[in-house]
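So the structure is just underneath, and the comments pick up after that.
The values are calculated or read from the model by the stated rules, or taken from the named source; none is laboratory data. Bear in mind the structure is a predicted one, so any value in this text is a computation, not a measurement. Don't worry about glycine lacking a Cβ; one is built from the backbone with ideal geometry, like all the others, and counts go over all protein chains shown. Side chains included, ligands, DNA and RNA excluded: accessible areas come from the protein's heavy atoms. Shrake-Rupley method; radii C 1.70, N 1.55, O 1.52, S 1.80 Å.
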Amino acid sequence: MDLDLRKLRYFAAVAEHRHFGRAAEQLYIAQPVLSRQIKAFEQELDCALLTRTTRAVELTSAGKQLYEEAQGILAAVDAAVRRVHDADRDVRRLIIAFSAGLSVSEPIREFSTRHPDVETDIVPARWWEPDAPLRDGRAQIGYLRKPFDETGMRVVPVGHDPRVACLPATHPLAARRELTLADLDGERMLDPQKRRASSLEEKFELIASGFGLALVPLSVARAYVRPDLVHRPVTDAPASETCLVVPADQRGKLVREFLDIAVSALW
């Protein structure tokens, strides 16, 4: 069967908001129309995507899987349309993906000074699949942390990002200036396999609410400061390696020049 992209966008909006009314407002359509489109989409796929009650909308197992797939599919389609429009308008564009907390602003400024005629954009890389923007065409270069799938990628190490323990300010360990991995033995840690947060804001909200502790990169901790959380160095926790990443088939002059600038700026 052919996948209806319009219905997929409708479903993604409902899955994001967990609410038909708010999704309809975002999509600028009437709520009854949205409900009919989602029902038709479920019939086309021959599986239930949502469970509806008078108070909430939740994703079924199939719905969770489709929502995860949909984000990459829709992003790839949008990227393809943008490339077509760029080609039509003879626009040169360079897009850099970056992991949360990592700053790529310095090499972008230097590159833009040298190439003011090139439009430079950035896209965030989700922590559970940081290489996805490079694989689906949304970006040509990535500034990422390991681990990620390095297959078909040129990887240039540029540094390390220490990891710190993130915990509620009221936690007994918060009074310590630094910790070791042994100090965390017996503590409930957030398990990304069982409860994967869709954003860092959600992850930190879970920690602040007492659902567990987490080891996070220092750059992320510095970028997301809030009064109800503290971050403590974990002296024996292995640091995350930071890298510049380029798909092996990306060999254009602009990519090479940006890579040279970024290596010098970030090393």
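A few points about this structure:
- When the inverse distances between all different Cα atoms of the range 36-97 are averaged and flipped, the Kirkwood radius reads 14.3 angstrom.
- Based on alpha carbons, the Rg and Dmax found for the range 1-40 are 9.4, 29 Å.
- Charge-dipole axis of the chain as Lys and Arg at +1 and Asp and Glu at -1 on Cβ define it, positive-most pick from 79, 168, 91: 168
- Simple spin-label estimate for residue 115 and residue 151 in nanometres, 7 Å along Cα-Cβ: 2.9
- Computed from the C-beta positions of residue 46 and residue 83, the FRET efficiency with R₀ = 51 Å rounds to 0.95.
- Max mean-square fluctuation residue, GNM over the chain, Cα-Cα springs under 10 Å, options 191, 88, 78: 88
- Residue-averaged [θ]222 nm for the chain, counting only DSSP H segments that reach four residues, each worth -39500 (n - 2.57): -12500 deg cm²/dmol
- DSSP beta bridge pairing in the chain, given as percent antiparallel to the nearest 5: 65
- Note on the chain: with a GNM built from Cα contacts shorter than 10 Å, the maximum mean-square fluctuation among 147, 217, 247 falls on 147.
- Dipole of the range 52-172, positive end: most advanced residue of 56, 112, 143 [Cβ charges, Cα centre]: 56
- Averaged per residue, the chain has 56 square angstrom of accessible surface, using a 1.4 angstrom probe with ligands and nucleic acids left out.
- Separation between Cα centres of the range 176-193 and the range 55-71, rounded to whole Å: 31
- Each of 155, 242, 13 was scored by the projection of its Cα onto the charge dipole of the chain, and the greatest displacement toward the positive side belongs to 13; charges sit on the C-beta of Lys, Arg, Asp and Glu.
- Reachable lysines, given that their alpha-carbon falls under 16 Å from the alpha-carbon of residue 7 and they are not under 8 places away in the same chain: 39, 64
- Solvent-accessible area, 1.4 Å probe, carbon plus sulfur percent, for the chain: 51
- Among 15, 97, 239, residue whose mean-square fluctuation peaks in a GNM of the chain (springs only between Cα atoms under 10 Å): 15
- For the chain, convex hull of alpha carbons as volume per residue, Å³: 173
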